[in-house]
Amino acid sequence: MITGYLLLCIMILLTAGSQILVKRGAMRIKTGQGAGLLIRSAFNIPLVIGTAAVVAAPVFYINALSLLPLNRAFSFNGLGYVLVIILSRFFLHEKLSLFHITGGLCILSGFIIWNAGGAG
């Protein structure tokens, strides 16, 4: 069972990290580049690594689902939102509003309440 939770944590890190990397890669792209955009994107390291993480994350989630109840595993997806809020602040220097903080705390509270029960 511990393995299932470890797989979920890896999935969350990959999912949230991929969002930050894809955003960083997107910030390097100029609009109106036409067909050259695809070629330039292949050499955009944050975009390539972020895309690879997006592809890899479901592999960990599927493996976690084979070990854990769906109602327990699915609740972990919400933690990705909270992690993206935190990572975007530190790595992209995005501002956090009171709404972001309150929303993140609501998600964390819901996660704790949802998982406070038994084994699922």
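Things to note:
- Of the trypsin sites (Lys or Arg not before Pro) found in segment 4-64, those in coil by DSSP whose Cβ has at most 10 other Cβ atoms within 10 Å are K30.
- FRET efficiency, L105 to T51 (Cβ-Cβ, R0 30 Å, nearest 0.05): 0.45
- For the options L13, L65, L37, a Gaussian network treatment of the chain with springs between C-alpha atoms closer than 10 Å singles out L37 as fluctuating the most.
- Backbone HN-Hα couplings from phi across segment 5-18 [Karplus 6.51/-1.76/1.60, Hz, Gly and Pro as x]: 5, 5, 4, 5, 5, 5, 4, 5, 4, 5, 5, 5, x, 5
We did not get these values from a lab; they are worked out from the coordinates using the rules stated. On a predicted model such as this, the values are computed, not experimentally measured, just so you know. With ideal geometry, Cβ positions are generated from the backbone for all residues, glycine too; neighbour counts draw on all protein chains shown.
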